[in-house]
1. It is to be established whether one or more residues within the range 82-91 are more than 16 Å from ligand 1 (Cβ to nearest atom), touching a His at 6+ places or on another chain (Cβ under 7 Å), assigned to a helix (DSSP H, G or I) and not basic (K, R).
2. State the number of residues belonging to the range 183-212 that are touching a helix residue (DSSP H, G or I) at 6+ places or on another chain (Cβ under 6 Å) and closer than 19 Å to S10 by Cβ.
3. Hey, any hits in the range 37-60 for a residue that's more than 29 Å from R250 (Cα to Cα) and small (G, A, S)?
4. When the range 173-189 is examined, which residues are found to be more than 16 Å from ligand 1 (Cβ to nearest atom) and surrounded by 15 or more Cβ atoms within 10 Å (Cβ to Cβ)?
5. Taking the range 133-159, which residues are of a type outside the set (S, T, Y) and under 13 Å from the mean Cα position of the chain (by Cα)?
6. Any residue in the range 180-194 that is farther than 16 Å from E226 by Cα, small (G, A, S) and either in a helix (DSSP H, G or I) or at pLDDT below 95 (or both)?
7. If you check E130 against the conditions, is it within 16 Å of ligand 1 (Cβ to nearest atom), more than 15 Å from the chain's Cα centre (by Cα) and assigned to a loop (DSSP other than H, G, I, E, B)?
8. For the range 54-91, how many residues meet the condition of being over 16 Å from L6 (Cβ atoms), away from ligand 2 (no atom under 16 Å from the Cβ) and either aliphatic (A, V, I, L, M) or in contact (Cβ under 8 Å) with a residue 60 or more places away in the chain (or both)?
Amino acid sequence: MRFASLGSGSKGNATVIDSGKSRVLIDCGFNRKHTRIRLQELSLELSDIDAILVSHEHSDHAKGVTLVCESIDKPFYATYGTARSAGWLDHPLWQCIDSHEKFQINDLSIQTVVVPHDSQEPVQFVVSSERFKVGVLSDLGSLTPYVIDAYQNCHGLLLEANHDLQLLQQGSYPPALKRRVAGDFGHLNNQQAADLLSRLLWPGIQHVLASHISDKNNQLELVQKEFAHVLKCDWKDVDAAIQGESTGWRALK
Ligand SMILES: [Zn+2]
Ligand SMILES: [Zn+2]
């Protein structure tokens, strides 16, 4: 099993998970052209994707979903709330997710995880093959026991470290937006992410990538230093998904 971020941040997110037999995209916040280009950097074509799993309707996650799926005639999975807000209820390729039930896409088992975020029915995803488990977690404002439980024992983990609280407070966002981002239904700050990471560490974890890093209210180096405390490694060795390019494949063995 292997996975890669096609890019991550407030301007677009997508992660591809490949079991060898099946490939799913989690979110598609890039247009069709850029999704295709970024997949090609990973030696994949759009038609190699079996389905898109959509976490919520915000455009940095949902922008390219229908365009990509229509062009390859493959389904996309989203909760009722997400589909309603995105205007997808009548879309023939939409598959409704029950946010409390696991489901299967070929050999991949998909667990949806309800998260606190300011959208209609947001979820995040844990994707398992026979041997490995990859957790993708962003766009949540606070940690819940349910989230902490759902992301245990992942071999690969993409974890939101959205903002540095001090940079957010000192930054140019209007007060209401600052409250939204930092609130319980906004995004995880670096310390919350590191706290969560410390609870998810286990001997089987092979790859941890910081993700959804704000370009206005954060710096990669701050995230890396925060995660390095937990991972007990040099901060320069902390892996991250960034906005401008794909990460390349991270393989699980
Ligand atoms: Zn987002
Ligand atoms: Zn969001």
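The values are calculated or read from the model by the stated rules, or taken from the named source; none is laboratory data. As the structure is a prediction and not an experimental result, all values here were calculated from the model. A quick note on method: Cβ atoms are made from the backbone with ideal geometry, for glycine too, and the neighbour counts reach across all protein chains shown.
1. Let us first name the residues in the range 82-91 that are more than 16 Å from ligand 1 (Cβ to nearest atom), namely 83-84, 87-91.
Now restrict to residues that are touching a His at 6+ places or on another chain (Cβ under 7 Å): none.
Checking the range 82-91: not a single residue is more than 16 Å from ligand 1 (Cβ to nearest atom), touching a His at 6+ places or on another chain (Cβ under 7 Å), assigned to a helix (DSSP H, G or I) and not basic (K, R).
2. If we filter the range 183-212 for residues that are touching a helix residue (DSSP H, G or I) at 6+ places or on another chain (Cβ under 6 Å), which is where we start, we get 186-187, 189-190, 194, 197-199, 210.
Next cut, closer than 19 Å to S10 by Cβ only: 186-187, 189-190, 210.
Going through the range 183-212 one residue at a time, the tally reaches 5.
3. The initial filter retains those residues of the range 37-60 that are more than 29 Å from R250 (Cα to Cα), namely none.
Scanning the range 37-60, I find no residue that is more than 29 Å from R250 (Cα to Cα) and small (G, A, S), so the answer is no.
4. Once the filter is applied, which keeps residues that are more than 16 Å from ligand 1 (Cβ to nearest atom) and surrounded by 15 or more Cβ atoms within 10 Å (Cβ to Cβ), the range 173-189 yields only K178.
5. Step one: filter the range 133-159 for residues of a type outside the set (S, T, Y), giving 133-137, 139-141, 143, 145, 147-150, 152-159.
Within the range 133-159, V134, G135, V136, L137, D139, L140, G156, L157, L158, L159 meet the criteria.
6. yes
7. On the way: within 16 Å of ligand 1 (Cβ to nearest atom): no; more than 15 Å from the chain's Cα centre (by Cα): yes; assigned to a loop (DSSP other than H, G, I, E, B): yes.
Answer is no for this residue.
8. 1
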